[in-house]
Every structure is written in structure tokens, then in C-alpha cells.
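Beneath this line is the structure, given in C-alpha cells, with notes to follow.
All of the numbers you see were taken from the coordinates with simple rules; none came from a lab. Worth saying up front: this structure is predicted, and the values here are computed from it rather than measured. Don't worry about glycine lacking a Cβ; one is built from the backbone with ideal geometry, like all the others, and counts go over all protein chains shown.
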Amino acid sequence: MLLSEDIRGIKKNLEKADLRLPSLFSSVSDPTRYFIVKLFLKNKGLCVTDIARVLDISVAAASQQLRILESSLVVNKEKRGQEVCYSLNTKDPYVKKVLDMIK
């Protein structure tokens, strides 16, 4: 059985816990977002319209899923004229670890 001081120490460590990984896991747990990440693992950069066509979803649906991945720092956004294109954020060590698990 844990002593009171043990419980306080554990609580203190939990308060300091980095919530970055749970956020990343949540962002790639959706099947559509998972398939988008898999597409990026095979292709360096993709535009929203390409992703929509490959996955047979609307451009709006692809954009919505990409916004979630972007807010979780999984992908980087780049404007190319009127097109919006994305690529994986391979500089983030947490993202790299999650991508290694998906490979």
C-alpha cells in the first residue's frame, strides 16, 4: 500500500507529465487521418485535392482532417499558389516516434 508521501510524489510527477504523446495518438487514431499519415510516409508532400482523390473523400473532409493533424503538429502546411499542400513534420521528436510506430 502506498504511503501518503508516495502518493504526493506520484501526483506531482503526473502533474508534470507531458501530454504531447496522448494528443498525437488521438490525432492519428481516426482511420482517415491514419490513412493520410500512411500516404505521407510514401509521398513527401501532398496537396489537399490529391489526398481527397486518393481516399475518395471530399476536399472539405480532407481539409478538416488535415487541420486536425496540423493542430497536433503532425503535418506542416504550405501554400502553393491556390493549392494547399502538406508534408510530415519530421523535425518533431514526438512525431518521429509516432511515425516510426506507424511504419
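Dipole magnitude for the stretch 1-59: computed about the Cα centre from +1 point charges on Lys and Arg Cβ and -1 point charges on Asp and Glu Cβ, it is near 180 debye. Beyond 23 Å in Cα-Cα separation lie the following of the pairs Lys11/Lys97; Lys38/Lys91; Lys12/Lys97; Lys77/Lys97; Lys42/Lys91; Lys79/Lys103: Lys11/Lys97; Lys12/Lys97; Lys79/Lys103. Between the C-alpha center of the stretch 13-43 and that of the stretch 74-88 there is a gap of 18 Å. One decimal place: the segment Leu2-Tyr94 gains 29.9 nm when fully extended, by the rule 0.36 nm per residue minus the C-alpha distance. Please report the base-10 log of the normalised intensity I(q)/I(0) for the stretch 32-102, using a Debye sum with one equal scatterer per alpha carbon and no solvent, at each q in 0.26 (1/Å). Listed by q, the Debye log ratios stand at -1.27.
Please give the charge dipole size of the stretch 32-102, origin at the Cα centre, charges +1 on K and R Cβ atoms and -1 on D and E Cβ atoms. Round to the nearest 20 debye. Each step should come with its number before you reach the end.
Details: 12 positive and 7 negative charges, 29 e Å.
Dipole size: approximately 140 debye.
Summed over qualifying helices (DSSP H, 4 residues or more, each -39500 (n - 2.57)) and divided by its residue number, the chain shows a 222 nm mean residue ellipticity of -19500 deg cm²/dmol. Net length available on complete extension from Lys77 to Arg53 is 6.8 nm, with 0.36 nm assigned per residue and the Cα-Cα distance removed.
Exposure proxy for Ile7, Ile36: other Cβ atoms within 10 Å of each Cβ, ordered fewest to most, give Ile7, Ile36.
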